[in-house]
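Reading through the structure tokens given below for one structure.
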Amino acid sequence: MVPAAPERYSGFHPHKVTFELDGPDAYFAHRLSNTLALIRPAHAPDCTPPVGSGPFRWTTLPEGCRLTAFAHHFKERPLIDEVEIYHVDPMSEHSGALWDIQGDGAQPAGDEAVLTFTEGVQYFIWNTHRPLAHSQALRQAVFGLLEMNRVWQDCFPAEPFQAASSFSEARSPSRLVEDRPHSAGAIKARETLKALLPLQTPLRIATVDRWDAAPIAQWLASQLRECGVPTEVEIFHLSQSGWQEGADLYLLAEVHDADEQMAFWQMMHDPSLGFQQWLPRPMLAKSSGILGGFRTAQSFGERERLIAEVEHLLISTGWVFLTHHRQVYRRHHPLMRGVQPGAFGRIDFGQLWLE
């Protein structure tokens with residue numbers, strides 16, 4: 001996220017760190033304010049809170065916290081001077097906690113406090129460390145079976161569906177989707193799969209245990225078996241160990257922050273995420289080179305064009321397939337009005353109305 005060599009930065013002031021860059025970098029301050037770039041002294045124990053670089057200063061209160069505007073933030077001083085956040089008890093037995101995330105896909109009947117909206121995207125990604133992933137014909141034929149309108153109707157007929165043609169929900173409606181799988185393409189995909197038989201090993205699919213993920217993986221496995229492709233499905237939880245190993249194809253979800261461009265940049269560079277672990281090195285190098293244009297891009301639109309180029313690279317080569325934008329159900333406290341939380345309960349104060 002930031003220069004790693006010790007001689008590239010200095011921190012002799014208790015509240016100041018100085019970085020020396022190779023050249024101009026218009027996106028450096030954005031990266032520095034990202035969660036992954038929080039600062040922790042090398043000698044500090046793991047329990048030491050990291051030092052942030054965001055728009056607010058944090059003060060811990062007995063029952064909550066206080067956020068105070070930071071005048072020297074690179075995006076200028078926040079318009080809100082101060083916000084105090086407190087934990088409160090439910091106002092009724094129906095209101096639940098402040099944020100109650102429903103993970104089973106079932107919307108409770110008769111509860112007006114339930115909200116539904118989409119955030120982030122769900123996707124398949126191949127594992128370059130497995131031999132089967134290196135057949136482009138196989139990769140594209142497997143994805144060719146995924147007619148998502150049909151998949152969704154078979155798996156979740158009562159749930160709303162939003163097709164994904166981009167990692168960002170905001171960009172998806174403007175993207176053409178002619179190249180998405182369709183009935184004629186699915187017939188061709190089945191013919192290709194049968195021509196590739198027998199495979200060296202059974203195709204192993206690993207899926208996160210979300211209500212809108214595991215059924216899709218099972219649906220794809222059933223279609224592959226009908227084509228004669230031996231297929232295994234493993235359902236895992238992100239907290240369990242070893243889930244990043246042993247599968248040919250993964251079904252995961254990417255959650256976006258308020259800054260979607262930063263979320264995409266992080267997704268492609270964070271070594272703990274699947275893209276760095278599973279995509280081929282040449283593709284990662286090419287995508288990193290494209291996103292390197294963030295350093296000189298002077299506008300939102302310029303960065304959007306760079307992201308679109310990387311998305312096309314990932315999808316057109318058959319390494320990644322976007323299934324849908326995620327559905328999230330929440331029950332919120334009646335005191336919270338005019339604001340929607342992020343997927344992890346994060347609140348964007350830029351959209352908060354104060355009365």
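The values are calculated or read from the model by the stated rules, or taken from the named source; none is laboratory data. A quick note: this is a predicted structure, and the numbers were derived from the prediction, not measured. Every residue, glycine among them, receives a Cβ derived from its backbone with ideal geometry; neighbour counts consider all protein chains shown.
List of remarks:
- For region 207-242, a residue qualifies if it is assigned to a helix (DSSP H, G or I) and either of a type outside the set (Lys, Arg) or outside the structural domain of GLN153 (by TED's automatic domain parsing) (or both), and the qualifying residues are ALA214, PRO215, ILE216, ALA217, GLN218, TRP219, LEU220, ALA221, SER222, GLN223, LEU224, GLU226.
- Subset of region 162-174 (residues that are crowded, with 17+ Cβ neighbours inside 10 Å and part of a loop (DSSP other than H, G, I, E, B)): ALA164, SER165, SER166, PHE167, SER168, GLU169, ARG171
- When PHE167 is tested against the conditions (1) over 26 Å from HIS312 (Cβ atoms); (2) touching a residue at least 60 places away in the same chain (Cβ under 8 Å); (3) not β-branched (Val, Ile, Thr), the lone failure is (1).
- For HIS312, the conditions (1) under 24 Å from GLY54 (Cα atoms); (2) surrounded by fewer than 20 Cβ atoms within 10 Å (Cβ to Cβ); (3) at pLDDT 80 or above all hold with the exception of (1).
- The sole residue among VAL121, VAL142, VAL114 that is under 25 Å from the mean Cα position of the chain (by Cα), at pLDDT 95 or above and among the aliphatic types (A, V, I, L, M) is VAL142.
- Of the residues making up region 47-76, those that are more than 30 Å from PHE300 (Cα to Cα) and either at pLDDT 65 or above or not in a loop (DSSP other than H, G, I, E, B) (or both) are THR59, THR60, LEU61, PRO62, GLU63, GLY64, CYS65, ARG66.
- Residue satisfying condition, being outside the structural domain of LYS75 (by TED's automatic domain parsing) and part of a loop (DSSP other than H, G, I, E, B), within set GLU309, GLU245, GLU304: GLU245
- Annotation: of all residues in region 127-141 being touching a strand residue (DSSP E or B) at 6+ places or on another chain (Cβ under 7 Å) and not in a loop (DSSP other than H, G, I, E, B), the one that is farthest from THR201 (Cα to Cα) is ARG139.
- Flag for ALA186 being aliphatic (A, V, I, L, M) and touching a residue at least 40 places away in the same chain (Cβ under 8 Å): yes
- Number of the condition not met by ARG204 [criteria: (1) modelled with pLDDT of 90 or more; (2) within 21 Å of the chain's Cα centre (by Cα); (3) part of a strand (DSSP E or B); (4) crowded, with 19+ Cβ neighbours inside 10 Å]: (2)
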